[in-house]
1. Convert each backbone phi in the stretch 141-147 into a coupling constant with the Karplus relation 6.51 cos²θ - 1.76 cosθ + 1.60 (shift: θ = phi - 60°), then list the ³J(HN,Hα) values in order as whole Hz, x for Gly and Pro.
2. Hey, what did the stretch 9-155 get for relative contact order, percent, Cα under 8 Å, at least 6 apart?
3. Can you work out ³J(HN,Hα) from phi for every residue in the stretch 838-843, in order, using Karplus 6.51 cos²θ - 1.76 cosθ + 1.60 and θ = phi - 60°, giving whole Hz and x for Gly and Pro?
4. Show me 523-535, 278-290, 225-237 ranked by packing, highest mean number of other Cβ atoms within 10 Å first.
5. With no solvent and one point on each alpha carbon, what is the Debye value of log10 I(q)/I(0) for the stretch 290-382 at q = 0.11 Å⁻¹?
6. Under 1.5 on a/c is rounded, so check that first for the stretch 91-152, then, if it is not, pick prolate when a/b is larger than b/c and oblate when it is not; a ≥ b ≥ c are the square roots of the alpha carbon gyration tensor eigenvalues.
7. If you take the square roots of the eigenvalues of the alpha-carbon gyration tensor of the chain and sort them as a ≥ b ≥ c, do you get rounded (a/c under 1.5), prolate (a/b over b/c) or oblate?
8. Identify, among Pro759, Ala740, Gln800, the residue whose Cα sits farthest towards the positive end of the charge dipole of the stretch 736-835, taking +1 on the Cβ of Lys and Arg and -1 on the Cβ of Asp and Glu, with the dipole about the Cα centre.
Amino acid sequence: MPSTFPQPALVANHLGAWIRSADGSTQPVTRGAAVRAAADAPHLLLGAPVTASRLGYPELGGFDLLELFAFVYPARFTVPTAYGLAATLGLAAPADGAEEAAFLQVAAAYLLDVLDAPDWAERHGAHALAQALARHGWNWAPEILRRLKPPPRPERSLFTKLEKWEETPPRPRPADVALSNGAIDATLDRLLGIGAERRDGQRGYAHAAGFAFRPRQMANAPNVVLAEAGTGIGKTLGYLAPASLWAQQAQGTVWLSTYTKALQRQLDHETERAYPEPVAKRGKVVVRKGRENYLCLLNLEDAVQGGFSGRAAVFALLAARWAEYSRDGDMVGGDLPGWLGPLFPRNAARALTDQRGECIYAGCPHYRTCFIEKATRASVGADLVIANHALVMVNAVRGKAEGAAMTRIVFDEGHHLFDAADSSFSLHLTAAEAIELRRWILGPEKGGRGRRRGLAARLSDIISYDDAGALALEAAGHAARALPGEDWRGRITGGSPDGPIEALLSAVRTQVLARANNAEAGYSLETEVADVSAAVIEAAAVASAALEALRAPLAALEARLVAVLDDAPDWLDGPGRARIEGAASGLRLRATTLGAWVALLARLGGPAEPDFIDWFAVDRIEARELDVGIHRHWLDPTRPFAQAVLEPAHGVLVTSATLRARGDTAGDAWRDTELRTGATHLALPPQRFAVDSPFDYAGQARVLIVTDIKRGDLPALATAYRRLIMAAGGGTLGLFTAIARLRSVHARIVDGLAKEGLPLFAQHVDPIDTGTLVDIFRAEPKSSLLGTDALRDGVDVPGQSLRLVVMEGVPWPRPTVLHAARRAAFGGTAYDDLVTQGRLAQAFGRLIRRANDHGAFVLIGPAVPSRLLSAFPPGTPVDRLGIDDAVAAVAAMQTASPVLAKQVEL
């Protein structure tokens with residue numbers, strides 16, 4: 001019989017609560033009794049926030065097994081449920097809540113026993129961290145210290161143990177090589193492995209992708225390939241074959257860009273086929289994300305040395321333990337478990353990353369071990385850099401060194417390029433943006449926590465000998481006080497703005513509220529920049545002068561730093577130069593932003609510019625105001641994208657399973673694709689390639705349109721979801737277009753499904769990050785998951801864990817100012833259909849991921865236009881029917897598939 005840890009255990013779910021005593025007896029208890037017991041003594045828990053939400057007791061604390069797991073196995077992952085933890089540890093999974101309470105004691109004993117194992121790989125640093133955790137009152141620390149012996153000799157600290165990066169010479173320009181189809185085939189065969197099935201569609205796709213790796217024939221005219229590969233073709237290996245081959249032969253770097261972190265993880269895993277040796281892969285493949293995703297070692301040092309206290313300090317110490325074993329310091333989607341941060345106070349994890357451009361570069365004592373610097377430098381010499389669309393665009397616009405080397409780019413999830421460009425090339429003069437700029441210049445407000453981060457604190461030693469630079473720094477600090485400060489929201493909503501920027505935002509808010517539609521109550525409000533009020537125009541003139549007064553000294557300060565670099569003093573070494581270059585780059589970026597804000601304000605009250613869309617907005621969540629400001633987007637954001645990203649490249653592959661528009665002629669579909677990817681703005685036309693999915697959609701899938709549930713009838717909608725999930729035996733992804741409806745449906749059905757043994761999880765309800773929710777859904781075949789857009793586009797759950805997709809309505813675009821302008825410019829209702837069909841195609845694409853997958857796609861809507869149905873693969877059966885018949889059809893599909901039937905029994 002397995003050993004147990006003699007600590008009472010508490011389990012709570014939607015069926016009830018159970019307590020197992022230290023002596024081994026288990027009993028069901030009321031939620032009130034569970035709360036009283038937890039308040040009297042700490043219990044074993046599995047995910048305190050989730051248990052707390054089930055009990056309605058936010059103050060719940062105790063011996064959380066997930067925290068113990070993070071200490072024992074840093075940089076390892078487990079699904080944070082009893083089922084998932086049992087699978088990770090090789091223990092028997094509990095069948096119900098009572099067994100789960102007993103399981104917690106067994107799992108705790110198992111994890112503590114690991115500390116005694118002579119082959120425990122993560123022993124280094126454990127004793128010192130446990131002592132530090134004990135000082136902060138971590139419940140597990142005394143038990144760990146009873147088992148851990150002090151190391152025989154002093155151990156190196158994290159900050160001295162981390163590997164340092166070394167300067168390397170610039171990489172030569174990639175050679176001009178032409179890949180033959182035979183060489184691509186041979187590489188693809190190697191990636192697939194011995195005995196793999198030869199798929200003509202995949203090989204044709206790989207050959208087409210190879211065109212992007214040919215030498216460029218004309219300046220500013222890259223070899224562009226638009227390639228659609230239906231689900232199941234194997235497009236990832238299809239483009240990895242020419243990409244890895246070109247990187248090897250040309251000695252260059254290929255950037256593989258995605259839209260979601262989930263696909264970045266998938267791509268990282270797939271590259272193991274090209275580089276099976278972990279050491280070799282580490283030098284050849286680099287995962288890149290924005291700075292805000294990585295652990296900042298200076299912030300961590302500040303946190304563990306007194307900057308954090310209480311539970312936040314416990315998180316910082318566990319993060320320090322993770323950092324010692326992390327592959328690359330990626331806190332968001334990397335090897336830090338996504339469930340760890342939510343166990344601790346909100347924003348504790350975010351405070352350990354570089355969120356505000358506060359990096360001091362070579363002035364940081366951890367510069368040589370910085371995770372961000374390592375990733376940046378490693379990407380210059382890598383074969384493959386796995387990035388995301390936003391980072392690729394930001395690097396191109398800012399002229400980053402590694403951005404200059406982006407001669408070959410693969411844009412996977414290419415159907416998102418339009419949206420990614422829309423975000424990257426937009427401009428926002430809002431309270432949130434302005435206050436972030438103030439903090440970057442002045443540092444935290446009086447009484448703010450943490451080390452000084454103001455511009456003067458970062459640069460005073462550099463420009464202390466330079467009178468002009470010192471004056472510019474002083475002027476910038478004085479001018480920055482015109483920006484919104486703490487408590488700006490209360491002053492603006494109360495009608496007493498402080499300073500010219502707050503006065504402008506207050507006038508903007510007044511105009512938005514004056515023109516708001518009462519039907520929009522509870523939602524964000526916006527209005528076109530048209531017939532602008534005199535109050536806004538007058539406030540804009542004063543605000544513009546204040547912004548220009550700030551831009552000028554920032555630009556002057558940047559010029560002084562550049563002068564230092566041009567006429568470098570004797571004391572300026574390599575790290576010092578890097579520090580000045582980083583500071584100058586930050587100043588240049590913010591001066592450019594201020595100049596753009598000034599230009600934006602100058603246009604208020606003037607004629608509209610045909611290339612841009614401007615509007616005022618008050619951002620709200622459930623009627624609570626979060627931000628207010630002025631927004632500007634390109635009418636066609638692929639124009640600046642084509643100029644900044646595509647034209648400098650030599651070859652670009654844009655690919656997706658849903659790249660072409662649906663329901664049009666072939667020529668029109670490709671025309672729309674070229675418009676939405678920027679290819680239409682290039683001097684040379686792109687190559688086009690398309691191959692359909694090999695799946696038998698007629699036999700594997702079915703689309704059911706439920707016609708007898710009226711929109712807005714929440715009780716009927718909730719009942720439909722409950723019945724459909726029960727008919728499928730779980731395994732359901734429920735997609736919503738509004739968070740309020742998601743929450744309402746979840747609240748109505750979660751308890752009833754739990755009684756049937758069908759767990760239900762939901763975004764915006766469960767205190768669990770989205771990535772972990774998907775991991776739970778993937779691991780537990782009887783579970784179901786409700787979510788919004790992020791799940792429609794970012795879920796990859798092959799197999800029978802996902803056998804039913806339900807959408808609560810047609811995903812029409814929201815009628816925003818931005819969409820209205822593009823609708824008018826790009827075809828009216830045809831543009832609506834284009835966007836909607838793309839969303840339907842992506843949602844349906846979640847369903848069939850493998851050749852043996854089966855499932856149903858249910859769309860709830862009494863009058864779904866027939867023209868939208870071309871979003872689904874040709875041959876997919878589509879039926880309009882009532883909810884009773886839909887439930888019967890879903891149940892019949894489960895019975896008809898032996899694989900499904902077996903899976904549901906698990």
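1. Going residue by residue, I get 4, x, 5, 5, 5, 5, 9 Hz, with x marking Gly and Pro.
2. Working: 189 pairs, mean separation 31.0, N = 147.
Value for the stretch 9-155: 21 percent.
3. Per-residue couplings from phi come out as x, 5, 5, 4, 5, 5 Hz.
4. The packing order, highest mean first, is 225-237, 278-290, 523-535.
5. -0.29
6. oblate
7. Numbers: a/c = 1.28, a/b = 1.09, b/c = 1.17.
Rounded.
8. Ala740
Read-outs throughout are calculated quantities, based only on the coordinates presented, and are distinct from any laboratory measurement. From a predicted model like this one, the values you see are computed outputs, not experimental measurements. Please note: Cβ atoms are built from the backbone with ideal geometry, for glycine as well, and neighbour counts cover all protein chains shown.
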